[in-house]
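Undergrad: The structure's right below; bear with me while I get my questions together.
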Amino acid sequence: MFTFSVIEVRAVIARGRTDAVANGGFRNPHYGLLPGRDEWPGLWIVGDEGVYLLSNGKLADGQKALVIYAEECDPKINPDSWQYKRRYFGGDDGIVFIGSESLEAVLTATPKATHLRAEFTPETMQLSVITRL
């Protein structure tokens, strides 16, 4: 499982919207494979070197998207992040798009939530919110 601070999740969503306003919309969640489809606010969960959330607003040349790593899988602070990513996300790189509308509805419905948790199986991804003291 992968855990992200709700404050940081909201920051990624907000940054995507800000980038979209400044640069002409949202990036295609299918990385260009289906142009013109599903280009709405959201974020990606990416498994690469670590696991992180990435905003999807279009970017200006040279601009970088806001990225936040899962607490368990940040290669800068966890020397075992590759093994953790491989065990719980898979050995291959991957990406999953999550529309911000449904994600924000879940966060709003649970105002005391402090973290978003993503759990993967070979066929599914389950999102849940948790509250840590």
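Undergrad: Given a Förster distance of 30 Å, report the FRET efficiency between Arg86 and Lys64 from their Cβ-Cβ distance, rounded to the nearest 0.05.
TA: With R0 = 30 Å, the Cβ-Cβ based efficiency is 0.70.
Undergrad: Using +1 at the Cβ of each Lys and Arg and -1 at the Cβ of each Asp and Glu in the chain, identify which of Leu103, Ile7, Gln83 lies farthest towards the dipole's positive end.
TA: After comparing all options, I get Ile7.
Undergrad: Further question: What is the dipole size for the range 1-105, taken about its Cα centre, with +1 at each Lys and Arg Cβ and -1 at each Asp and Glu Cβ, in debye to the nearest 20?
TA: Once rounded to the nearest 20, the dipole reads 160 debye.
Undergrad: What is the sum of charges, Lys and Arg at +1 and Asp and Glu at -1, for the other residues whose Cβ falls under 15 Å from the Cβ of Ile77?
TA: Local charge sum for Ile77: -4.
Undergrad: Can I ask one more? Let's test the formula: R0 of 22 Å, r as the Cβ-Cβ distance of Ser102 and Asn23. What FRET efficiency results, to the nearest 0.05?
TA: Calculated value: 0.40.
Undergrad: Another question, then. Mind sorting out which of (1) 45; (2) 28; (3) 24 is the real percent of Cα pairs over 25 Å apart computed from the coordinates?
TA: (3)
Undergrad: Just the projected area, averaged over all directions, of the convex hull on the alpha carbon atoms of the range 83-133: how many nm²?
TA: The directionally averaged projection comes out at 4.4 nm².
Undergrad: Another question about this same structure. Once fully extended, how much extra length lies between Thr3 and Ile95, figured as 0.36 nm per residue of separation less the alpha-carbon to alpha-carbon distance?
TA: That works out to 31.5 nm of additional length.
Undergrad: Aspartates and glutamates near Lys85 by alpha-carbon distance under 15 Å, same-chain residues fewer than 8 away left out - which ones?
TA: Of all the aspartates and glutamates, those that pass the test against Lys85 - Cα under 15 Å, at least 8 places apart if same chain - are Asp48, Glu49, Glu71, Glu72, Asp74, Asp93, Glu119.
Read the figures in this text as sums done on the coordinates, not as results from a lab. Please read all numbers here as calculations on a predicted model, not as lab measurements. Glycine also receives a Cβ, built like all others from the backbone with ideal geometry; neighbour counts cover every protein chain displayed.
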